Each structure stands twice: as structure tokens, then as C-alpha cells.
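These notes are about the structure you will find just below.
The values are calculated or read from the model by the stated rules, or taken from the named source; none is laboratory data. Treat the numbers as computed from the prediction; the structure is a model and nothing was measured. Note that we place each Cβ from the backbone using ideal geometry, even for glycine, and neighbour counts take in every protein chain shown.
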Amino acid sequence: MFREMRRIKQVLSKEDSVKVLENGTSGVLAVHGDDGYPYSVPLSYVYQEEKVFFHCAKTGHKVDAITSNEKVSFCVIDKDQIVPEEYTTYFRSVIVFGKAHIISDPVEKRHAIEKIAERYSPMQEEGRLKVIDNQFDQVCLIELDIEHMSGKEAIELVRAKEK
């Protein structure tokens, strides 16, 4: 169902791909947007147990797109180093494909928003819990269940590991 990568030598292992998702702080979500146009949007997220969680407003383009078509892709760039003298870029990235849905269960929603808040404000527990309590009813939480993951890095990075 999902395409295999052509440049096999550049494929990241599942473990390395997961590390990219765990360490990243932002990614780009792509959905099937209005009038057949793709819609991609950068966002903050948290990765946990083969799922990606993010929050958004209860209404808007992203929620409308996910509601009408749950199939999405999400990309995280881990490395993007331009090397002008070599006419290339040393890159590392991961793309996931899966199905996204709005979390409706209040307990699951609370768990997801707390994980996101903890990720981005780890030393601010009291403050983040207060903000969550104040804004819980206004925020929408999305869960992306990963069906396929592929990571890739520049051949120069592969060769450096082999040395």
C-alpha cells in the first residue's frame, strides 16, 4: 500500500526514525484541503507509542479537512545543513502516514493535552495545569494513528557513519 523508498542505503531504521519524532518540536501536517487542494500546516506535536498528538482550535481548515478525510501525512525535519561547497544539503527527516481523528473522550483528551504541555513547558507544571483547566473546553485535540513511517538521511551522513 505504501511505497518503498528507492534509495535503500539512505533509509533510517525504525529506531532512528522514532528518535527523530521524539526529539522534534515541530512538523508539517498535510491534509486533503478544500476544493481538492492539499493543505499543509506547521504545528507543534508530541509523539508517543506510535501516535502523534497535536492541538488546534475547534473550528478551522485543519479540523474541517480531518473531519472530511482522516488520511494525513506528517513530516518532521531533524537536520537541514546546507553545504554550499558540495552543492548539497545534509538532511534527515521522517514522514508518517496515518489516520487522524478528534479525541472526544475527555480523559483521553486531558491525557493528550497534558503530554503536549509537559513537552513544551516541562518546568512549569502548576502554570500549565492551570492553563489547561482554563482552556480545556475551547481546545481540540487530534490523535494521528501511524500506519506507515519512513525516515531518510543524506548519503553523506550514511557514509560518515560507515567510517
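Side notes on the structure shown:
- Residue pairs whose Cβ atoms lie under 9 Å apart, separated by 6 or more positions or on different chains, with the first residue in the stretch 146-163 and free of Cβ contacts under 8 Å to residues at least 40 places away in the same chain and the second surrounded by 12 or more Cβ atoms within 10 Å (Cβ to Cβ) and of a type in the set (F, W, Y), are A160/Y90.
- Odd one out for E50, checked against (1) at pLDDT below 95; (2) touching a Lys or Arg at 6+ places or on another chain (Cβ under 6 Å): (2)
- Taking the stretch 106-126 as the range and being at pLDDT below 85 and of a type outside the set (S, T, Y) as the test, the residues that pass are P122, M123, Q124, E125, E126.
- Residue within the stretch 116-128 that is among the hydroxyl-bearing types (S, T, Y), surrounded by 12 or more Cβ atoms within 10 Å (Cβ to Cβ), under 28 Å from D16 (Cα atoms) and over 15 Å from the mean Cα position of the chain (by Cα) present: yes
- Every residue from the stretch 1-52 that is in contact with a strand residue (DSSP E or B) (Cβ under 7 Å, 6 or more places away or on another chain), among the hydroxyl-bearing types (S, T, Y) and in contact (Cβ under 8 Å) with a residue 60 or more places away in the chain: S17, T25, S44, Y45
- Tabulated pairs, the stretch 124-137, first within 15 Å of I103 (Cβ to Cβ), second modelled with pLDDT of 85 or more and in a helix (DSSP H, G or I), C-beta under 7 angstrom, 6+ apart or interchain: I132/I113; I132/E114; I132/A117
Yes or no, residue by residue, for (1) out of contact with any Asp or Glu (no Cβ under 6 Å at 6 or more places or on another chain); (2) of a type in the set (D, E, K, R); (3) closer than 19 Å to P42 by Cα:
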position: I66; (1), (2), (3): yes, no, yes
position: A100; (1), (2), (3): no, no, yes
position: Q124; (1), (2), (3): yes, no, no
position: D133; (1), (2), (3): yes, yes, no
position: L144; (1), (2), (3): yes, no, yes
position: A160; (1), (2), (3): yes, no, no
